[in-house]
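Enquirer: Please see the structure below; I have some questions.
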Amino acid sequence: MQFNLLNYGNSRSFPEPHPLLDSATPFDASQRDIAVLVGENAGSQLDQVVGERRAILVELYTECLGVWTGESRAEEGSNVLGFARFRVGDDDPSDLVELVRQPGTSPEAIAAATQLFESAGFTVAVCMDQAGRIIDRLMRPYFNEVLTRLDQGLATASDMDLTLKLGLGYPEGPIGLLERSGLHHHYDVTQALFEVYGTPAFAPARRAAVAKQRKDFEDN
Amino acid sequence: MTEIKTVAVAGAGTMGAGIAIVAARAGFDTIVFDVSDDNLEQSRVQTEKFFARSVERGKLDPQDVDQILARFTRTSDLKDLASADIVIEAVFEELSVKQDLFGRLNDICSASTIFASNTSTISITEIAAGSGRDPQVVGMHFCLPAQLMKLVEMSPGMNTDPAMFTKAWEFCEALGQIPVKTQDSPGFILNYFLVPYNNDVIRLIEAGVAAPADIDAAIKTGMGYKMGPCELLDLIGLDTQVLLCDAFYRVTHDPRATVPPLLRRMVAAGRLGRKSGRGFFEYEGGAMFGA
Ligand SMILES: NC(=O)c1ccc[n+]([C@@H]2O[C@H](COP(=O)([O-])OP(=O)(O)OC[C@H]3O[C@@H](n4cnc5c(N)ncnc54)[C@H](O)[C@@H]3O)[C@@H](O)[C@H]2O)c1
């Protein structure tokens with residue numbers, strides 16, 4: 001599929017070269033192809049490409065797409081979509097693309113974006129423009145509970161991980177996963193979610209807060 | 001190593017039938033008890049079907065199956081449990097029913113018999129309190145379907161004798177299962193995390209954030225899980241999820257454990273999951289359809 005690529009800094013979704021990005025055609029402001037903005041500054045550069053394109057895709061971090069498009073009356077939505085490849089901490093990005101839409105997003109733009117990512121071998125999950133999208137919103141409260149219950153001595157870390165692996169068919173237990181991929185990242189993600197939702201379930205667990213403080217201490 | 005030779009399973013429902021299969025397959029004489037003769041008969045038929053399939057799949061020889069099936073006895077007379085070295089109860093999830101059962105078994109079984117409960121949500125200490133032998137009561141929570149899932153969450157009650165817990169643990173290993181130790185607290189490990197998480201999934205759908213198919217695709221691809229949460233909820237049964245929530249909320253008062261309104265509506269509408277042919281997805285003859 002034809003699309004234009006615009007790079008605006010380091011990308012969390014595409015930290016390494018990827019066949020999808022390599023297949024991009026050079027940016028041409030007059031074109032109507034899909035435009036993909038990647039990088040940590042992608043959102044802030046959105047006004048560089050606004051126009052009659054099939055779809056304009058902006059890489060997101062923890063923020064909502066509405067920050068870059070503006071919102072009003074829950075009627076926002078156009079040909080602009082947000083996206084992020086899901087990734088836990090320092091792990092490699094997964095093959096999942098969370099595709100972020102707004103209430104008024106055009107079905108054609110959603111279809112075009114879905115087709116682009118699927119043609120590159122990604123699985124696409126469409127969701128509304130809400131903090132945490134799908135996975136972080138669902139997994140982070142559960143990770144918090146695991147960390148809290150570990151502190152409370154519900155079971156050993158190995159038994160908790162083993163239980164969740166065997167009982168639910170998870171490839172890896174949550175404690176192993178979080179510690180391997182960087183527990184301090186869990187703090188950052190939950191802190192951002194907590195600011196939006198304000199419910200205890202999203203408040204960073206003590207172990208994550210400690211990991212974060214320790215990381216800051218080590219980095220300074 | 002275990003000294004246990006004879007296992008009694010009380011309650012021949014979904015879980016009891018599976019646990020009895022595990023026990024007989026591991027070489028134990030297995031007494032299956034239920035108050036309902038129909039349920040006993042149904043569990044016999046299911047058990048024979050299960051082992052017939054094991055033969056078809058080449059997992060067991062027909063002679064092995066004959067031996068395994070010969071280890072079963074079935075009864076609706078509680079006195080027949082007198083010879084059991086351990087009783088695993090998988091009766092209705094009601095404290096009074098479980099207490100009453102263990103209380104009566106206390107007079108029937110030998111003084112050394114261990115009582116194990118497969119409860120999902122009730123405190124082991126509370127169940128033990130009605131048994132007349134609380135040092136010998138342990139939690140042994142198998143997973144559905146017990147005949148296929150290796151995990152058993154084991155928990156001692158407040159008054160459980162550590163030596164008895166060790167005996168039960170060794171027995172669990174002799175069953176060929178994998179025990180993990182957890183505190184006697186609501187939902188142990190698995191359900192404690194799963195019930196509120198599943199509710200969060202339902203609330204995400206209710207809030208219109210994502211469709212069930214998108215949620216399942218996200219979790220499976222993003223987290224590498226074998227099953228998506230909506231598929232899992234359909235398998236557990238949405239009515240069962242309501243019961244679990246109610247049981248949990250009563251003890252934990254965790255807001256995430258409250259029944260999401262969408263869940264109640266789906267149950268009222270008869271969308272119970274796989275068993276009714278429709279939950280978050282539609283099913284026909286075991287196959288899943290559409291979104
Ligand atoms: N279904 C699950 O996923 C699951 C998983 C783990 C644990 N459990 C627990 O296992 C237990 C049984 O659950 P289930 O799903 O198999 O229920 P079920 O309704 O399928 O079976 C219960 C059986 O117990 C029998 N029964 C009821 N009262 C009895 C009594 N006093 N004496 C003897 N038999 C009696 C019933 O006739 C029925 O056959 C519950 O404590 C439940 O919490 C269930």
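Enquirer: Looking only at residues in the stretch B:23-51 that are more than 13 Å from the ligand (Cβ to nearest atom) and among the hydrophobic types (A, V, I, L, M, F, W, C), which one is farthest from the other protein chains (Cβ to nearest Cβ)? Outline the logic, then answer.
Expert: Going through the stretch B:23-51, the residues more than 13 Å from the ligand (Cβ to nearest atom) turn out to be B:23-30, B:45, B:47-51.
If we keep only those that are among the hydrophobic types (A, V, I, L, M, F, W, C) as well, we get B:23-24, B:26, B:28, B:45, B:50-51.
Details: B:Ala23: 19, B:Ala24: 22, B:Ala26: 18, B:Phe28: 22, B:Val45: 28, B:Phe50: 20, B:Phe51: 23 Å.
If we take residues in the stretch B:23-51 being more than 13 Å from the ligand (Cβ to nearest atom) and among the hydrophobic types (A, V, I, L, M, F, W, C), then B:Val45 is farthest from the other protein chains (Cβ to nearest Cβ).
Enquirer: Of all residues in the stretch A:168-210, how many are in a loop (DSSP other than H, G, I, E, B) and either touching a residue at least 12 places away in the same chain (Cβ under 8 Å) or away from chain B (no Cβ under 13 Å) (or both)? Write out each step before concluding.
Expert: Initial filter on the stretch A:168-210 (in a loop (DSSP other than H, G, I, E, B)): A:169-173, A:182, A:198-199, A:203-205.
Retained after the next criterion (residues that are either touching a residue at least 12 places away in the same chain (Cβ under 8 Å) or away from chain B (no Cβ under 13 Å) (or both)): A:173, A:182, A:203-205.
The total comes to 5.
Enquirer: Residues in the stretch B:82-104 that are touching a residue at least 40 places away in the same chain (Cβ under 8 Å) and within 10 Å of the ligand (Cβ to nearest atom): how many?
Expert: Matching residues across the stretch B:82-104 total 7.
Enquirer: Output yes when any residue across the stretch A:136-155 is of a type in the set (Lys, Arg) and over 19 Å from B:Ile205 (Cβ atoms), and no when none is. Step through it out loud before you land on a result.
Expert: Within the stretch A:136-155, the subset of a type in the set (Lys, Arg) is A:137, A:140, A:149.
The next check asks that each one be over 19 Å from B:Ile205 (Cβ atoms); those that pass are A:149.
Yes, the stretch A:136-155 has at least one match.
Enquirer: Being more than 7 Å from chain A (Cβ to nearest Cβ) and outside any helix (DSSP H, G or I) is the requirement here; does B:Pro179 meet it?
Expert: yes
Enquirer: Residue under question is A:Gln213, and the condition is that it be open to solvent by 50 Å² or more (accessible area, probe 1.4 Å) and more than 13 Å from chain B (Cβ to nearest Cβ); does it hold? Break it down into steps so the answer makes sense when it comes.
Expert: Numbers: open to solvent by 50 Å² or more (accessible area, probe 1.4 Å): yes; more than 13 Å from chain B (Cβ to nearest Cβ): yes.
Judged against the criteria, A:Gln213 is a match.
Enquirer: Kindly establish whether B:Leu262 is more than 11 Å from chain A (Cβ to nearest Cβ), in a helix (DSSP H, G or I) and touching a residue at least 60 places away in the same chain (Cβ under 8 Å). Talk me through it step by step, then tell me what you get.
Expert: Details: more than 11 Å from chain A (Cβ to nearest Cβ): yes; in a helix (DSSP H, G or I): yes; touching a residue at least 60 places away in the same chain (Cβ under 8 Å): yes.
Spelling it out, B:Leu262 is indeed more than 11 Å from chain A (Cβ to nearest Cβ), in a helix (DSSP H, G or I) and touching a residue at least 60 places away in the same chain (Cβ under 8 Å).
Enquirer: OK, next. Taking the stretch B:114-153 on its own, how many of its residues are more than 12 Å from the ligand (Cβ to nearest atom) and either charged (D, E, K, R) or open to solvent by less than 10 Å² (accessible area, probe 1.4 Å) (or both)?
Expert: As a first pass, look at the stretch B:114-153 and keep what is more than 12 Å from the ligand (Cβ to nearest atom): B:114-115, B:123, B:125-126, B:128-138, B:147-148, B:150.
Right, trim to either charged (D, E, K, R) or open to solvent by less than 10 Å² (accessible area, probe 1.4 Å) (or both) and you get B:114-115, B:126, B:128, B:131, B:133-134, B:137-138, B:150.
The qualifying residues number 10.
Enquirer: Further, regarding this structure: Filter the stretch A:156-167 down to the residues that are facing chain B (nearest Cβ under 7 Å) and open to solvent by 10 Å² or more (accessible area, probe 1.4 Å), then identify the one that is farthest from the chain's Cα centre (by Cα).
Expert: A:Asp159
Enquirer: Just give me the residues in the stretch B:220-239 being open to solvent by 40 Å² or more (accessible area, probe 1.4 Å), more than 9 Å from chain A (Cβ to nearest Cβ) and either more than 12 Å from B:Phe281 (Cα to Cα) or not in a helix (DSSP H, G or I) (or both), in sequence order.
Expert: B:Ile236, B:Asp239
Enquirer: Are there any pairs, at least 6 apart or on different chains, whose C-beta atoms fall under 8 Å, with the first in the stretch A:21-44 and aromatic (Phe, Trp, Tyr) and the second not in a loop (DSSP other than H, G, I, E, B), and if so, which?
Expert: A:Phe27/A:Asn4; A:Phe27/A:Leu5; A:Phe27/A:Leu6; A:Phe27/A:Ala35
Enquirer: Look through B:Arg104, B:Arg71 and report the one residue that is open to solvent by 10 Å² or more (accessible area, probe 1.4 Å) and closer than 13 Å to B:Val7 by Cβ. I'd like the intermediate steps shown before the answer.
Expert: Working: B:Arg104 fails: closer than 13 Å to B:Val7 by Cβ.
Only one candidate qualifies: B:Arg71.
Enquirer: Are there any pairs, at least 6 apart or on different chains, whose C-beta atoms fall under 6 Å, with the first in the stretch B:1-25 and in a strand (DSSP E or B) and the second among the hydroxyl-bearing types (Ser, Thr, Tyr) and buried (at least 24 other Cβ atoms within 10 Å of the Cβ), and if so, which?
Expert: These pairs meet every condition: B:Val7/B:Thr30.
Enquirer: What number of residues within the stretch B:202-219 satisfy the criterion of being facing chain A (nearest Cβ under 8 Å) and either touching a Gly at 6+ places or on another chain (Cβ under 6 Å) or open to solvent by less than 20 Å² (accessible area, probe 1.4 Å) (or both)?
Expert: Total satisfying the criteria: 6.
Enquirer: Moving on to the next point. Among the residues that make up the stretch B:149-172, is at least one of them free of Cβ contacts under 8 Å to residues at least 12 places away in the same chain and either touching a strand residue (DSSP E or B) at 6+ places or on another chain (Cβ under 9 Å) or part of a loop (DSSP other than H, G, I, E, B) (or both)?
Expert: Of the residues in the stretch B:149-172, the ones free of Cβ contacts under 8 Å to residues at least 12 places away in the same chain are B:149, B:162-163, B:166.
Now restrict to residues that are either touching a strand residue (DSSP E or B) at 6+ places or on another chain (Cβ under 9 Å) or part of a loop (DSSP other than H, G, I, E, B) (or both): B:149, B:162.
Yes, the stretch B:149-172 contains at least one residue that is free of Cβ contacts under 8 Å to residues at least 12 places away in the same chain and either touching a strand residue (DSSP E or B) at 6+ places or on another chain (Cβ under 9 Å) or part of a loop (DSSP other than H, G, I, E, B) (or both).
Enquirer: Would you confirm, using the coordinates I've provided, whether A:Ser119 is of a type outside the set (Lys, Arg), within 25 Å of B:Leu190 (Cβ to Cβ) and surrounded by fewer than 24 Cβ atoms within 10 Å (Cβ to Cβ)? Steps first, answer last, please.
Expert: Values: of a type outside the set (Lys, Arg): yes; within 25 Å of B:Leu190 (Cβ to Cβ): no; surrounded by fewer than 24 Cβ atoms within 10 Å (Cβ to Cβ): yes.
No, not satisfied.
The values are calculated or read from the model by the stated rules, or taken from the named source; none is laboratory data. Owing to the predicted nature of the structure, the values given are computational and were not obtained by experimental measurement. Neighbour counts run over all protein chains shown; Cβ positions are idealised from the backbone, glycine included. Ligands, DNA and RNA are excluded from the accessible area calculation, which covers all protein heavy atoms including side chains. Shrake-Rupley method; radii C 1.70, N 1.55, O 1.52, S 1.80 Å.
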